[in-house]
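Heads up: the structure comes next, in structure tokens.
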Amino acid sequence: MSERPVFVTQPSLPPLEEFIPYLEEIWAKKVLTNDGPFHRQLERELVEYLGVSQISLFNNGTIALIAAMQALCLTGEVITTPFSFVATAHSVLWSGLTPVFVDIEPDTLNMDPARIEAAITPRTTAILAVHCYGTPCDVDAIAEIGRRRGLRVIYDAAHAFGVTYRGESILRAGDLSVVSFHATKVFNTFEGGAIIAPDAEIKGHIDQMKNFGIVDQTTVISTGTNGKMNEMQAAFGLLQLKHVDRALDRRRAIDAAYREALAGVPGIHCLAPKAQQVANGSYFPILIDERHRQTRDEVFALLASHGINARRYFYPLISTFPMYAKLPSADPAGLPVATRAADQVLCLPIYPDLPDGTVERVGTLLRGVSESCG
Ligand code: T4K
């Protein structure tokens with residue numbers, strides 16, 4: 001049984017020697033960034049791997065989110081979730097827009113479509129939904145609201161690389177979807193991200209936006225930014241792509257092992273995948289309720305004392321941070337499901353190189369608590 005410290009996640013790195021030829025090619029060509037050959041190749045390979053129409057690579061997911069909002073020319077209010085990583089709402093504020101928080105569904109922890117409908121005002125221009133932990137949102141209901149009320153739909157799909165729903169990539173949902181390729185993600189390029197777009201025209205617009213709005217040497221048509229992915233990142237992505245299926249299989253196996261190890265432990269709930277979803281094992285969230293003899297924070301501390309570093313993603317709720325707390329929609333009274341989830345959630349370690357025996361140790365520790373106190 002391994003006793004080395006365990007983290008909530010760790011990047012899986014391919015053998016170093018496999019990266020050397022990519023570096024040699026970069027050195028030989030001397031193209032380091034700005035739509036270089038590896039960048040183009042990674043876009044092509046990801047389009048094929050993910051089964052999407054168009055992809056525009058970015059230097060990270062947050063800049064990609066901001067660019068997506070700018071590409072759709074949003075104004076006013078954007079309806080979003082308080083139960084996410086803070087980058088979701090920050091990207092709304094950075095775009096000069098007002099986030100409006102709505103509550104989530106208890107079974108998926110994604111935005112509740114009924115709450116979205118109720119939060120629409122004349123100033124609303126978009127819905128920014130998150131496939132939290134890779135679980136697909138109610139994309140049909142959200143698309144229907146968007147169509148009927150004239151709103152754009154962006155998915156923050158930072159957690160959803162490789163997730164399929166009803167036989168196709170979940171990244172095809174919405175007007176635009178944004179993924180993160182951060183080191184902690186299923187597929188990483190150290191830092192990185194991408195916007196998935198439905199057609200070449202929109203991709204062309206987004207490509208200009210991530211390159212300062214430049215069309216050619218003498219023409220600038222939009223207030224673009226620098227969102228470009230460089231050649232080192234793209235090369236690493238190409239190498240990662242060769243190994244990603246094995247990484248996904250391993251994550252799914254760990255997910256299944258946790259479900260078995262935790263089955264029947266009082267007060268511990270594992271989030272169920274949606275029907276017709278192929279999950280990616282990006283996170284393993286559990287909810288710990290009053291029937292467990294320890295609180296979530298006590299379980300967090302217990303695991304930490306055994307070198308198992310779980311994380312309370314996503315606690316505290318985004319809406320409690322100072323830049324959001326005064327918004328009317330941040331009132332916890334309107335967010336009871338999200339507030340409860342933030343108090344109960346714990347993400348257990350899951351990554352391809354998770355030390356052997358970790359799942360069993362977690363199971364034994366949590367069962368031990370319920371049996372010794374039960
Ligand atoms: N939207 C959503 C829903 C997101 O979850 C995120 C990012 C974004 C948007 C924005 O995408 P990016 O702009 O990041 O592309 C981490 C990540 O920094 C962040 O990317 C991620 N979500 C968020 C959920 O988690 P922290 O502050 O918790 O990371 P950190 O540094 O504490 O790392 C967690 C654990 O991972 C460490 O304990 C050890 C391990 N680790 C981490 C890094 C960076 C490694 O082993 N090696 C590493 O290089 O935010």
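Results, tabulated for the structure shown:
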quantity: Residue pairs meeting the criteria (Cβ under 6 Å; at least 6 apart or on separate chains; first closer than 28 Å to V130 by Cβ, in the range 293-316; second aromatic (F, W, Y)); calculated: N309/F7; A310/F300; F314/F83
quantity: Unique residue being outside any strand (DSSP E or B) and outside the structural domain of L171 (by TED's automatic domain parsing) when the list is P285, P273; calculated: P273
quantity: Any hit, the range 29-50, residues being within 16 Å of the ligand (Cβ to nearest atom) and farther than 28 Å from R311 by Cα; calculated: yes
quantity: Among the residues listed as Q344, Q294, the single one being among the polar types (S, T, N, Q) and surrounded by fewer than 20 Cβ atoms within 10 Å (Cβ to Cβ); calculated: Q294
quantity: Positions within the range 76-99 being more than 16 Å from the chain's Cα centre (by Cα), surrounded by 24 or more Cβ atoms within 10 Å (Cβ to Cβ) and within 20 Å of R147 (Cβ to Cβ), in sequence order; calculated: V78, I79
quantity: Subset of the range 173-208 [within 20 Å of T88 (Cβ to Cβ), away from the ligand (no atom under 11 Å from the Cβ) and in contact with a strand residue (DSSP E or B) (Cβ under 9 Å, 6 or more places away or on another chain)]; calculated: A173, G174, D175, L176, S177, F187, I195, I196, A197, I206
quantity: Among the candidates V31, V47, V8, residue that is modelled with pLDDT of 95 or more, under 20 Å from V186 (Cα atoms) and not in a helix (DSSP H, G or I); calculated: V8
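Table: residues versus (1) surrounded by fewer than 21 Cβ atoms within 10 Å (Cβ to Cβ); (2) of a type outside the set (G, A, S); (3) under 23 Å from the mean Cα position of the chain (by Cα).
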site: T219; (1), (2), (3): yes, yes, no
site: D249; (1), (2), (3): yes, yes, yes
site: I268; (1), (2), (3): no, yes, no
site: A272; (1), (2), (3): yes, no, yes
site: V278; (1), (2), (3): yes, yes, yes
site: S282; (1), (2), (3): no, no, yes
site: F300; (1), (2), (3): yes, yes, yes
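The values are calculated or read from the model by the stated rules, or taken from the named source; none is laboratory data. Note that this is a predicted model, so its numbers are computed, not measured. With ideal geometry, Cβ positions are generated from the backbone for all residues, glycine too; neighbour counts draw on all protein chains shown.
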